[in-house]
Amino acid sequence: MNLKTQNVASDGLVTYNKNILLSIINLAAKEISGVASLCANFGGNFFKKLFSKNYYEGVHVSNTKDGLIVDIYLNIYSNYNVADVAFRVQENVKTGIMSMINMSISSINVRVMGVEFVENKK
């Protein structure tokens, strides 16, 4: 999957490799405090990960006529508000995509797959 966008300055066509987009999304999601990790195999569907070309460490991207559909599968820490973390991930991913490659986004879906508990050290 190569993503294309129109460059306004020179009216040329800029093509991005899917790995660029997937890396931007992955890093933007991990920057948010409360995110413990991105799920290596979302929904326990190991084969979907193996055969999907639009999947990268907890991120799945589809390109539609309305824009990108981004699915992010993550685990959060137990002492964080799930809705707040999910919203901040959505906003950070949107900001990252828009600032770095300026592509339209149809939706960003954050799917919390689990909660990680941090042991109290005494």
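The values are calculated or read from the model by the stated rules, or taken from the named source; none is laboratory data. Keep in mind that this is a model prediction, so the values were computed, not measured. Counting neighbours? That spans all protein chains shown, and the Cβs are built from the backbone with ideal geometry, glycine included.
A few points about this structure:
- Checking every residue in the range 5-18 against the condition of being modelled with pLDDT of 95 or more and surrounded by 16 or more Cβ atoms within 10 Å (Cβ to Cβ) gives zero matches.
- A Cβ distance below 8 Å, combined with a sequence gap of six or more or placement on separate chains, defines the contacts here; from the range 69-82, residues that are surrounded by fewer than 23 Cβ atoms within 10 Å (Cβ to Cβ) reach residues that are among the polar types (S, T, N, Q) and assigned to a loop (DSSP other than H, G, I, E, B) in the pairs TYR80/SER33.
- Listed by first and then second residue, the pairs with beta-carbon distance under 6 Å, at least 6 apart or on different chains, first residue in the range 1-30 and in a loop (DSSP other than H, G, I, E, B), second at pLDDT 75 or above, are MET1/LYS18.
- Exactly one residue among LYS65, LYS49 is closer than 21 Å to GLU116 by Cβ and either at pLDDT below 65 or basic (Lys, Arg) (or both), and that residue is LYS49.
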